[in-house]
Amino acid sequence: MSVELDVFVGNTTIMDEEVYQLWLDGYTVNDAVKVRMEGGVMDECEASKDVLLSDTMDQYRTFQMCERLLHSPAKLANQLLFQIPPHRQIMLIERYYAFDDTFVREVLGKKLSKGTKKDLDDISTKTSVTLKSCRRQFDNFKRVFKVVEELKGPLVENIRQHFLLSDKLARDYAAIVFFANNRFETGKRKLQYLSFQDFAFCAGQLISNWTVGAVDNMVEDMDVDLDKEFLQELKELKILITDKDLLDQHKSLVCTALRGKTKVFIEMEGSFKNLSRGLINIAAKLTNTKDVRDFFIDLVEKFIEPCRSDRWSAADMKLYLTHYTNSAHILDTFKHQVVWDRYMGVVKSCIFKMYHD
Amino acid sequence: MPGKLKAKIVAGRHLPVMDRASDLTDAFVEVKFGNTTFKTDVCPKSLNPQWNSEWFKFEVDDEDLQDEPLQITVLDHDTYSANDAIGKVYIDIDPLLYSEAASVISGWFPIYDTIHGIRGEINVIVKVELFNDLNRFRQSSCGVKFFCTTCIPQCYRATLVHGFVEELVVNEDPEYQWIDRIRTPRASNEARQRLISLMSGELQRKIGLKVLEMGGNAVVGYLQCFDLEGESGLVVRAIGTACTLDKLSSGSAPNTNTHMHPNTAPASNACNSPSKDGKEPVFVEDLPSSSGPPTPFRALPTSSSPPPFSPSKPCSRQSSSSDTDLSLTPKTEEPHSVRCRPGIFLCPSSPILSTDTLSLPGSGSVGCGRGSNPRATTSAPLSSIQSDSALLRKSVSFTEDLLLAASGMGSGGSAGKEAGPLRTLLRQQTQTALEQREFPFFTLTSFPPGFLLHVGGVVSARSVKLLDRIHNPDEPETRDAWWEEIRQEIKSHARALGCHAVVGYSESTSICEEVCILSASGTAAILNPRYMREGCLDIGCTDHRFEEPSPPNCGFCHIPYDELNMPFPAQLTYCYHCRRQKVPDVLFTTIDLPSEAAVAGKGCLIQARLCRLKKKAQGEANATAISNLLPFMEYELHTQLMNKLKLRSMNALFGLHIQISVGENMLLGLASATGVYLTALPAPGGIQIAGKTPGDLSSEHISSIQKRINDTIAVNKELYQINPPELAEEGVGSPIPEPRHRSRLFRSHSESSDELSELDLSHGKKDAFVLEIDDTDAVEDIHSLLIDAPPPTGFYSCNTENMPGISNWTSGVQMFTSVRVLRLSNANLTNQGLNKIFTDLCENLLKSFYFKLRSMIPCCLCHLNFTVAVPEEELIQVTVTAVAMTYDKEQTQEKTAEKPVNKGSLEAEEQLQFPLELCADSSSSNIQTASKISVSLFTPAAKLCQNQLLIARSAGVGESTNMSPRAASVDYGSFADRCSTWLELLRLKAHTIRRGSVKTSRRTQSLAHSVSSLERCSPLQEGRSRSLRSSRSFGGSSVTVVKMTPLSFLPGTRIIKYLGIINMFFIRETTSLREEGGVSGFLHSFIAEVFAMVRAHVAALGGNAVVSYSMKECVFMENPNKNQAQCLINVSGDAVICISETDQESSASTANTGQTGGSETDGAT
């Protein structure tokens, strides 16, 4: 005696958020039943294991049927197959496109290709996110990437409109797409201390300041690519370290401003030239795609690590960068104020974000 | 050319990719109606094509409009090879054919393919321009409204209930045609879908014609089913209740009195069609002169003389129908049926036949009178009169009414003068008249308050037939005859219960290979004659004298049969409510709980489940085996129901539905009903356990079981809050002795009911129900009794429209369908083992529902409709459709008492200018002493092998140790006291009739008027529906939310418009079962698709809900080895627009603005 067929279909599609989460997390039906039993649903309605199993199977089937629609969320609103109340639709989409920070941290900046997909089982064991869930998340990244890649207009807005995601989630996806497109290196050991949210913040900064769309959102180009002209212009900043007078002038201005305001003044004064060289060299090299990829590792190696070894506090860091940036404006022979601001604005906020343990 | 159909293809979306190379589709659309086809241009390389086609116009007969669906095929254009079909949409035009319903069909329809399921959507607009066709000989019946709802639809008032209509059409099943061997599965499925769609249309049209003939304008409680007979054909059949409905214009309800008269007057004499009107004056004129039984009949010939008849129209009709009647002589068709009737079983029809012979002189004379009638028009009624109770005719029952009236008059006229002996004769004549009303059946299950006078009990009949013995499988005659037979049986059962009508009537079949079980069941009842007098309210002062007004909340429980000659053993007591009349100890019915009934506590779902193994056999042997098993199954189901009822401390069952399903090696029986405690009935006694012989089982064991039972009863009392208002055990309602102890020989008429009270020997308190434990089987049975788990806290369940004890619904509604198939792998199963498996299956299903719907607590599962089937040898399939509704827990206690009453009275005002077309019946209901037949329930000891059963409402089966069926006895009980009132009635009737004849012409005028006014107001309605539609599209989501419910109402809303019936049939097939997620995945998506298509059609009609939704059929076949499966689903319901009760006013204002908006868009298009 066995149950050959068992279905339950509601006119309004019945979905249990808890089961949905288990499904998204890649649990098998049996594992999900176990989790639910431990969760104590059974007591709620005098249910037995069979009831739970049957319910879980039904829901899993429903989700599988919905999955196709979730791939293009706009369809979910005007499809006729499932009658799902709008707030539920939003929940379904939001949860489907949600991802694990630990997982995304692993693939951030990697090419969203078949090759990477093959590595997913390694990532799965490393992050203890189930392979199924890894695949879903990876496919989501890829899908969003593919759709948005060719679109004009602001990146975040495009993602939000096409995938009906919340602003927060859309921004995260923008970051993922942006990182994947520019192939930023994030996997190096030195970068391991940084969380996805740190990178997402930086990506937001880069997108809103360094892309073509950032200066002129009427431009037809996308904002997944950095503004090439701007990167060219960054070379001009080299003058700050190549011109000896300018460098000294800059240093004295900064030191005057900092004196007495920080405990690590000596260290700051001592490493000024090195740090300044580091930052400006990063800027000057950004025309090379290879160096763009190393942007974050460079920031860490050339700036954050030296500072940290000198035991600067975060406040010291802020103080220093603020004065470093502002002092350049007073240098009368320095003509590239606009580019400088555009560059330092982003670098400053990225470093602020990245300067932690 | 009576109609022009216009269709416009606007756009498509979400189309599938048909060209792998480009990942796109070059779609175009074929629009086909009848034999005409139009095509749109190809919209190249798009998955969201915009065709924006011209209006395709079809000029067609309205007959075709009714039969044919509009067929829309979406194809992918292919330059080099044949175009690939993407899918189809069938649109039923019917809702556009009556002016009150939808005016346009417009919206997104899922494109459906029988192999791939839904593949994108298409936006279509359909309109119909109907030219009025006044041709009397037309074959169409446009304008007749159909409702699945089994009560008078909200926003309508029934001015007249004409009665039973049925029709059946047969065709060859395309799946069994030779061509099926060479065509693709897709082509075969589509041929079948189209055929059933055509047949449904034809069936509806034919029923509509019958309704028009009867003078009605609507069919309520329309129940359409199809039987897949296999080789012998495909049958689509339908039954319904013909009515004349008046639309209630909201807010203008009180206009009834003035407006009603033209309608009610003819109604009151059971006539609405011209032909009948013509005959009425006869009785009026004859009445004064009638002086003996034969007079009315003699008077009949003169009926031809009054001039105002208009016989020309119905003439051809009736004669044609009588033609078919004649061909339907049933006895000659007998050889197909396997039936053996042993003498042991008291076939209820035989005693009735004896009364027939008694009354033959009377009816004979009627026949003669008619025969001498020079007009040929009367030939149809004539034939029906001459045939006795065995007559089988297509049901055009209005002719009967007339005849009933005739004989009723006659006997009434004479009754005043004749002495006692003659009265018996009179009564018999009335009885004859009743019998001649062909089928006084009503498919309705709930009625306006006061409509039901008395309820006798459940009557049911089953018959086993062999499909391979049908002489002429392509013609409907044989099946017609089968059903006639069953209906006759039902009718005679009802008569045996002293009832003249059957309400809550339904029919069903179960087919396995060549064996077919036909079943019919209903509730025998006496309907209120008051509604027949409604038309003569002005004379009304005499009204109260007619009958002692029986209290509305208990009256229907009072027994309709004679207490001295009860048709079955039962314990009668005086009604616990009014203490005036007798009530049985238990009441079983197939109808819904009347809204005015007084109940204690809540109701609950009660199910009896049973499995019976049978040997595999072929042909007649098989049929005989099945018919031999049937009575035992009915008996056991009945015992189970009774025990479970007692266990819940309840005393009445409503909505009883017994399904017996046949498989190759087993029979499944499932009885579902809603138990309730009626305060008018005595409190149920407990269940007593007794060992057969003291030594068999230890008394400890017995007492432990007894204790468990008592505990369960106590728990259930608590659970269902059964605290009968008066527990005072005064001996007023003491049971009368078992009827068999008394002599039931002819009683003189002087022995009136007064005398009965003396005979009421106090017999102690109600006996406890005794269960004997004599073997292990019995122990099993008792255990299984106790298995039924009560629903978890916060849940209630019922299978009726209304949940007894809950009325304060909140808006949460969740309709669902669930299917479960169990494979019995174990070859050596016993009956007991099977029973256990089956019971667990049903119980687990319920548990699953409770669990899934736990977020809705407090909630009630209403209208739980279980269907069982044995699709293959070792498979059991259970299909359930129900609705979960939330209610307000806080208010339950206080409001239940008052609310139903208020609601009821309101409804009464709305619905109840309600002359039932039953004049003669009404009089007979006062002379309710029909011939009495004692019907014994079959007991296993009496080796029964009849295949047609009467399960009367048999109280106390379990204790009926009386194995020997009692002989039929004719009782002339007491009716003298009623005679005088009855005469009053007749006199009144005479007035009515006179009035009716005058009113006829006026009525036709008013009809004409109403038609034109309808036309005038139609733009407004159009505007309204448009405004609904447009306001929808402004909303965030472009998809209308369509609620579905198997009930006739949606809580918290009011239905403002019925848009037409939804009746859809789909086939889905797959050759890649595994890829689609196995059988469950396949069926899951198919059911979801069916829901989606229903919703889309309703939305396109401008509606936002489906009420009275049901899944009639869900036939699932699989072949996992071949990776194949096929499923057929048939669903139906009423598409409606409903608005929230709270914002009616605001919606009225939006309707106004919508109207202007609508006219603007009108101008634009």
Original post:
In the list A:122, A:100, A:139, which residue meets the criterion of being more than 14 Å from chain B (Cβ to nearest Cβ) and closer than 30 Å to residue A:291 by Cβ?
Top reply: A:122
**OP:** Go through (1) over 28 Å from residue B:1132 (Cα atoms); (2) at the interface with chain A (Cβ under 10 Å from one of its Cβ atoms); (3) open to solvent by 30 Å² or more (accessible area, probe 1.4 Å) one by one and return the number of the condition residue B:847 breaks.
**Re:** (1)
**OP:** Give the residues of segment B:850-879 that are touching a helix residue (DSSP H, G or I) at 6+ places or on another chain (Cβ under 7 Å), part of a strand (DSSP E or B) and within 16 Å of residue B:794 (Cβ to Cβ), sorted by residue number.
**Re:** B:861
Subject >> Enumeration of residues in segment A:118-134 that are outside any loop (DSSP other than H, G, I, E, B), more than 18 Å from the chain's Cα centre (by Cα) and buried (at least 16 other Cβ atoms within 10 Å of the Cβ) >> reply: A:120, A:124, A:132, A:133
Original post:
Does residue B:1129 meet the test of being in a strand (DSSP E or B), touching a residue at least 24 places away in the same chain (Cβ under 8 Å), within 14 Å of chain A (Cβ to nearest Cβ) and open to solvent by less than 20 Å² (accessible area, probe 1.4 Å)?
Top reply: yes
Original post:
Are there any pairs, at least 6 apart or on different chains, whose C-beta atoms fall under 6 Å, with the first in segment A:102-116 and of a type in the set (Val, Ile, Thr) and the second open to solvent by 30 Å² or more (accessible area, probe 1.4 Å) and not in a helix (DSSP H, G or I), and if so, which?
Top reply: A:116/A:110
Subject >> Selection from segment A:20-76 of residues that are polar (S, T, N, Q) and either over 25 Å from residue A:90 (Cβ atoms) or touching a helix residue (DSSP H, G or I) at 6+ places or on another chain (Cβ under 6 Å) (or both) >> reply: A:28, A:30, A:48, A:54, A:56, A:59
Original post:
Restricting attention to segment B:146-202, which residues are open to solvent by less than 10 Å² (accessible area, probe 1.4 Å), assigned to a strand (DSSP E or B) and not aliphatic (A, V, I, L, M)?
Top reply: B:146, B:156, B:157, B:159, B:162, B:163, B:164, B:166
**OP:** From the list A:68, A:88, pick out the single residue that is open to solvent by 40 Å² or more (accessible area, probe 1.4 Å), outside any loop (DSSP other than H, G, I, E, B), in contact (Cβ under 8 Å) with a residue 12 or more places away in the chain and more than 8 Å from chain B (Cβ to nearest Cβ).
**Re:** A:88
Original post:
With A:49, A:75, A:110, A:34 as the choices, which residue is modelled with pLDDT under 95, at negative phi, assigned by the TED database to the domain that holds residue A:175 and open to solvent by 30 Å² or more (accessible area, probe 1.4 Å)?
Top reply: A:110
Original post:
Residue check: is residue B:487 part of a helix (DSSP H, G or I) and either of a type in the set (S, T, N, Q) or buried (at least 24 other Cβ atoms within 10 Å of the Cβ) (or both)?
Top reply: yes
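Let's see how each residue does on (1) outside any loop (DSSP other than H, G, I, E, B); (2) under 23 Å from residue A:130 (Cα atoms):
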site	(1), (2)
A:6	yes, no
A:27	no, yes
A:30	yes, yes
A:59	yes, yes
Original post:
Checking residue B:1118 against (1) open to solvent by less than 30 Å² (accessible area, probe 1.4 Å); (2) part of a helix (DSSP H, G or I); (3) at pLDDT below 90, which single condition isn't satisfied?
Top reply: (2)
Original post:
Is there any pair linking a residue in segment A:239-252 that is in the same structural domain as residue A:336 (by the TED database) to one that is open to solvent by 10 Å² or more (accessible area, probe 1.4 Å) and of a type in the set (Lys, Arg), with Cβ under 8 Å and at least six apart or on different chains, and which?
Top reply: A:241/A:273; A:241/A:277; A:247/A:273; A:251/A:273
Original post:
Any residue at all in segment A:143-153 that is farther than 17 Å from residue A:181 by Cβ and surrounded by fewer than 17 Cβ atoms within 10 Å (Cβ to Cβ)?
Top reply: no
Original post:
Would you pick out the residues in segment B:80-112 that are open to solvent by less than 40 Å² (accessible area, probe 1.4 Å) and within 14 Å of chain A (Cβ to nearest Cβ)?
Top reply: B:87, B:89, B:107, B:109, B:110, B:111, B:112
Subject >> Scope segment B:850-888; condition away from chain A (no Cβ under 12 Å) and free of Cβ contacts under 8 Å to residues at least 40 places away in the same chain; matching residues >> reply: none
Original post:
Taking segment B:804-828 only, how many residues are facing chain A (nearest Cβ under 9 Å) and crowded, with 18+ Cβ neighbours inside 10 Å?
Top reply: 11
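The values are calculated or read from the model by the stated rules, or taken from the named source; none is laboratory data. These figures come from a predicted structure and were not determined experimentally. Cβ: placed from backbone, ideal geometry, glycine included. Neighbour counts: every protein chain shown. Heads up: the accessible areas ignore ligands, DNA and RNA and are worked out on the full protein's heavy atoms, side chains in. Shrake-Rupley method; radii C 1.70, N 1.55, O 1.52, S 1.80 Å.
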